[in-house]
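Peer 1: The structure follows.
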Amino acid sequence: MSWGVAPGSVRVEGEIDWVRRPTPPGKRLHDQIVVVTGASRGFGRLIALAAADEGAHVVVNYAKSAELAAQVVKEIEAKGRKAIAVQADVSKYDQVKAMADKVWEVFGRCDVLINNAGETAATKMSWRDLDEKVVDETLNLDVKGTLFCTHEFGRRMLDLQKSGTIVNICSNVIVTGSPRAPEYAAAKYGVLGITKSYALALAPYVRVNAVGPGYMDTESLRARKDWTPERRKWIVDHTPLRSIGKPENIVHIVMFLASQDSFHMTGNLIICDGGFSMPGA
């Protein structure tokens with residue numbers, strides 16, 4: 001671990017003086033065990049590879065595609081890091097517990113959990129098109145999945161290790177709202193509530209933070225029927241940095257929260273959308 005309690009550090013009753021221990025240059029997650037949910041493709045895959053670049057051994061969670069997950073494992077191993085793929089539908093608590101059992105069986109601990117698995121209700125084009133199935137799928141994966149993983153891994157981090165870091169993938173939609181898919185906005189508000197609640201529950205030994213991307217230039221966004229050239233231009237024109245976020249750039253914010261560079265942060269949300277939502281202080 002790259003942080004801990006300084007010797008003789010309790011200055012007043014209940015006060016802890018945390019110290020950041022040095023890590024090898026460019027390896028902020030050196031030899032740490034990092035679990036990434038929904039890591040077989042897209043943003044999750046990039047997070048898993050970035051963690052390996054930072055020196056971590058990675059658990060690649062996937063729900064359906066064992067083949068894609070196996071490919072990510074190979075890419076991580078090619079970087080000289082250990083990796084395993086573990087199937088689990090994170091919206092099912094028994095499967096989350098089985099995944100945690102596997103992680104502790106193989107590695108004996110989990111240093112970082114990154115809750116990336118989520119549903120954006122991408123097929124929904126208007127708030128008028130209310131579909132109970134889409135609502136259930138979105139809330140189940142984003143809210144239940146994040147809660148179950150945070151609860152189970154966080155509990156073990158606290159009870160077995162007294163150390164750990166959890167990063168939840170939220171969204172700037174908690175600032176902007178979503179007339180397209182209100183259930184998506186509701187789900188991400190749930191993720192923020194989970195983040196703050198467990199930051200309190202697991203303190204002071206386990207930190208829980210969230211990152212809130214805006215629009216990300218992904219295949220799923222480009223495939224949406226409402227993502228027209230006109231819509232993209234409007235978003236860019238109303239973004240101070242004049243660009244749509246690239247997943248590979250936002251991954252750096254995830255690594256910051258996962259590492260001890262952010263060791264005096266918990267219960268925080270970092271919005272990174274090029275200034276599009278520009279929240280007040």
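The values are calculated or read from the model by the stated rules, or taken from the named source; none is laboratory data. Bear in mind that the values here come from a model prediction, so they are computed numbers and not experimental data. Cβ sites come from the backbone with ideal geometry, for glycine too, and all protein chains shown count toward neighbours.
Peer 1: Only one of R232, R207 is in contact (Cβ under 8 Å) with a residue 24 or more places away in the chain and not in a loop (DSSP other than H, G, I, E, B). Can you tell me which? Don't jump to the end; show me each part of the working.
Peer 2: Details: R232 fails: in contact (Cβ under 8 Å) with a residue 24 or more places away in the chain.
On inspection, the qualifying residue turns out to be R207.
Peer 1: Can you give me the number of residues within region 210-225 that are among the charged types (D, E, K, R), out of contact with any Gly (no Cβ under 8 Å at 6 or more places or on another chain) and outside any loop (DSSP other than H, G, I, E, B)?
Peer 2: Within region 210-225, the subset among the charged types (D, E, K, R) is 217, 219, 222, 224-225.
Those left that are additionally out of contact with any Gly (no Cβ under 8 Å at 6 or more places or on another chain): 222, 224-225.
From what is left, the residues that are outside any loop (DSSP other than H, G, I, E, B) are 222.
Of the residues in that region, 1 qualify.
Peer 1: Collect the residues in region 262-281 that are surrounded by fewer than 14 Cβ atoms within 10 Å (Cβ to Cβ) and closer than 21 Å to R28 by Cβ, keeping them in residue-number order.
Peer 2: H264
Peer 1: Within region 222-232, is there a residue that is closer than 19 Å to I47 by Cα and either out of contact with any strand residue (DSSP E or B) (no Cβ under 8 Å at 6 or more places or on another chain) or small (G, A, S) (or both)? I'd like the intermediate steps shown before the answer.
Peer 2: Kept after step one, since they are closer than 19 Å to I47 by Cα, are these residues of region 222-232: none.
No, there is no match, as no residue in region 222-232 is closer than 19 Å to I47 by Cα and either out of contact with any strand residue (DSSP E or B) (no Cβ under 8 Å at 6 or more places or on another chain) or small (G, A, S) (or both).
Peer 1: Out of contact with any strand residue (DSSP E or B) (no Cβ under 9 Å at 6 or more places or on another chain), surrounded by 15 or more Cβ atoms within 10 Å (Cβ to Cβ) and of a type outside the set (F, W, Y): which single residue out of E248, E183, E219 fits that description? Show your work before the answer.
Peer 2: Details: E248 fails: surrounded by 15 or more Cβ atoms within 10 Å (Cβ to Cβ); E219 fails: surrounded by 15 or more Cβ atoms within 10 Å (Cβ to Cβ).
It is E183.
Peer 1: I need a count of the residues in region 197-213 that are closer than 13 Å to L147 by Cα and surrounded by fewer than 17 Cβ atoms within 10 Å (Cβ to Cβ).
Peer 2: Selection size over region 197-213: 2.
Peer 1: Among the residues of region 110-126, is there at least one that is buried (at least 20 other Cβ atoms within 10 Å of the Cβ) and basic (K, R)? If you could, list the steps in order and put the result at the bottom.
Peer 2: Kept after step one, since they are buried (at least 20 other Cβ atoms within 10 Å of the Cβ), are these residues of region 110-126: 110-121, 124.
Imposing the further condition that a residue be basic (K, R) reduces the set to 124.
Checking region 110-126: at least one residue is buried (at least 20 other Cβ atoms within 10 Å of the Cβ) and basic (K, R).
Peer 1: Still on this structure, please answer the following. Being without any contact (Cβ under 8 Å) to a residue 60 or more places away in the chain, under 20 Å from R41 (Cα atoms) and buried (at least 19 other Cβ atoms within 10 Å of the Cβ): is that true of V167 here? Lay out the reasoning, then the answer.
Peer 2: Details: without any contact (Cβ under 8 Å) to a residue 60 or more places away in the chain: no; under 20 Å from R41 (Cα atoms): yes; buried (at least 19 other Cβ atoms within 10 Å of the Cβ): yes.
Taking the combined requirement at face value, the residue does not satisfy it.
Peer 1: Mind listing whichever residues of region 131-183 are aliphatic (A, V, I, L, M) and part of a helix (DSSP H, G or I)? If you could, list the steps in order and put the result at the bottom.
Peer 2: Looking only at region 131-183, we keep the residues that are aliphatic (A, V, I, L, M), and these are 134-135, 139, 141, 143, 147, 157-158, 160, 166-167, 169, 173-175, 181.
Residues satisfying the conditions are V134, V135, L139, L141, V143, L147, M157, L158, L160, V173, I174, V175.
Peer 1: Scan region 228-243 residue by residue and report those that are farther than 14 Å from S277 by Cβ and surrounded by 15 or more Cβ atoms within 10 Å (Cβ to Cβ). Steps first, please.
Peer 2: The initial filter retains those residues of region 228-243 that are farther than 14 Å from S277 by Cβ, namely 228-234, 236-237, 242-243.
Hits for region 228-243 are R232, V236.
Peer 1: Still on this structure, I have one more. Pull out all pairs, ordered by first then second residue, where Cβ-Cβ is under 8 Å, the residues are six or more apart or on different chains, the first lies in region 126-141 and is without any contact (Cβ under 8 Å) to a residue 12 or more places away in the chain, and the second is part of a loop (DSSP other than H, G, I, E, B) and not hydrophobic (A, V, I, L, M, F, W, C).
Peer 2: Listed by first residue and then by second, the contacts come to D131/K124.
Peer 1: Then there's this: Against the condition under 13 Å from the mean Cα position of the chain (by Cα) and touching a residue at least 24 places away in the same chain (Cβ under 8 Å), how does L68 come out, does it pass? Talk me through it step by step, then tell me what you get.
Peer 2: On the way: under 13 Å from the mean Cα position of the chain (by Cα): no; touching a residue at least 24 places away in the same chain (Cβ under 8 Å): yes.
Criteria not met by L68.
Peer 1: Only residues that are part of a loop (DSSP other than H, G, I, E, B) and at pLDDT 95 or above: list them for region 242-263, please. Working first, answer last.
Peer 2: Taking region 242-263 as the starting set, the residues that turn out to be part of a loop (DSSP other than H, G, I, E, B) are 242-244, 246, 259, 263.
S259 - this is the single residue of region 242-263 that is part of a loop (DSSP other than H, G, I, E, B) and at pLDDT 95 or above.
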